[in-house]
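Single-structure report; data block below.
The values are calculated or read from the model by the stated rules, or taken from the named source; none is laboratory data. Predicted, not measured: the structure shown is a model, and the values here were computed from it. No Cβ is skipped: glycine too gets one built from the backbone with ideal geometry, and neighbour counts run over all protein chains shown. Ligands, DNA and RNA are stripped out before the accessible areas are found, and what is left, the full protein with its side chains, is counted by its heavy atoms. Shrake-Rupley method; radii C 1.70, N 1.55, O 1.52, S 1.80 Å.
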Amino acid sequence: MAHVMYENFILSNKINDILTTSLNINNYLTVDTTMTQGPGMKKTVNTYTSTGDVEALGMGEGNTQGIEVSFTSADYDVLTYQGKFEFYDEQEMTDPLIVDTGLQHSADRMVNKFVKLAVDEYDKATLAVQGAWSFDLVVDAIKEMNLEDETGLFLLISPADQAKIRKALKDDLKYAEGYVRTGYIGSVAGVPVIVTKAVAEGKAYLATKEAVTVFIKKDSETEYERNADIRKNSYWVRKFAVVALTDATKVVKITIGE
């Protein structure tokens, strides 16, 4: 079997397809592929908050408060996320799937990195509740967001808290076949509960995907280097991205205590 040479544009298309699929599965962040800044540059991100509420008024009464929206700006460095994998001609001749497997692994690692960065941004939440795991705790967190439409809410928890929430909520944690298929462990108060290693024990985040955005360049960069003498092939795959909190009204930090 002859050695197959992969052109850079083929690798770029493959890694983009894998990343797009993986990121779309993770519905807890928004993907924006319009970023034009390059590595080493800065991207200014506005984070929005709001105050005020809707009031119940009688005839002749007017509002005593208004709903106000404000924002703060923060500069984020555009970083390079790079994966490297190597193989020998003889390895590919033995297993032709080695390149696709290496690409998949690189993409998975990038997705995991973006998820961890997203959780770091969730941790900047200004809305917060604290207490022991209970149905009421989740309801209180939902109340903090003051949403008219609760569609799209999710709850991220740590694997270390998975047994605790199951024991504490018991029948309040609803199970459905759809959750099993998609990796959720169930729902509470209508909110899907998602387990991820990116969340630390004793913390949880109630959010919608609008809370955090990953600004990412649409195209990947790939480089190829070959040592003909020893028939060694080296590939580098890069993405340029910024992960930022973009709407602080769409995330509540939950601290688990007694």
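Tabulated data
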item: Some residue of region 196-207 being within 19 Å of residue 256 (Cβ to Cβ) and over 17 Å from the mean Cα position of the chain (by Cα); result: yes
item: Selection from region 90-145 of residues that are among the basic types (Lys, Arg) and closer than 20 Å to residue 217 by Cα; result: 109, 113, 116
item: Positions within region 187-234 being closer than 28 Å to residue 40 by Cβ, touching a Lys or Arg at 6+ places or on another chain (Cβ under 7 Å) and aromatic (Phe, Trp, Tyr), in sequence order; result: 215
item: Conditions (1) in contact with a Ser or Thr (Cβ under 9 Å, 6 or more places away or on another chain); (2) at pLDDT 90 or above; number of the one not met by residue 206; result: (1)
item: Filter result (open to solvent by 20 Å² or more (accessible area, probe 1.4 Å) and modelled with pLDDT of 90 or more) within region 247-258; result: 250, 253, 255, 256
item: Criterion violated by residue 175 - all others in (1) free of Cβ contacts under 8 Å to residues at least 24 places away in the same chain; (2) in contact with a helix residue (DSSP H, G or I) (Cβ under 7 Å, 6 or more places away or on another chain) satisfied; result: (2)
item: Residue within region 72-80 that is touching a His at 6+ places or on another chain (Cβ under 9 Å) and assigned to a strand (DSSP E or B) present; result: no
item: Search result, residues across region 215-242 that are over 12 Å from residue 37 (Cα atoms) and either hydrophobic (A, V, I, L, M, F, W, C) or modelled with pLDDT of 85 or more (or both); result: 225, 226, 227, 228, 229, 230, 231, 232, 233, 234, 236, 237
item: Per-region count, region 58-76, residues within 24 Å of the chain's Cα centre (by Cα) and open to solvent by less than 80 Å² (accessible area, probe 1.4 Å); result: 3
item: Answer from 123, 140 - the residue that is at pLDDT 90 or above and more than 18 Å from residue 210 (Cβ to Cβ); result: 140
item: Contacts under 6 angstrom Cβ, first residue in region 55-76 being of a type in the set (D, E, K, R), partner open to solvent by less than 90 Å² (accessible area, probe 1.4 Å), 6 or more apart; result: 68/51; 68/52; 75/44
item: Among the candidates 33, 49, residue that is surrounded by 12 or more Cβ atoms within 10 Å (Cβ to Cβ), β-branched (Val, Ile, Thr), over 30 Å from residue 237 (Cα atoms) and within 29 Å of the chain's Cα centre (by Cα); result: 49
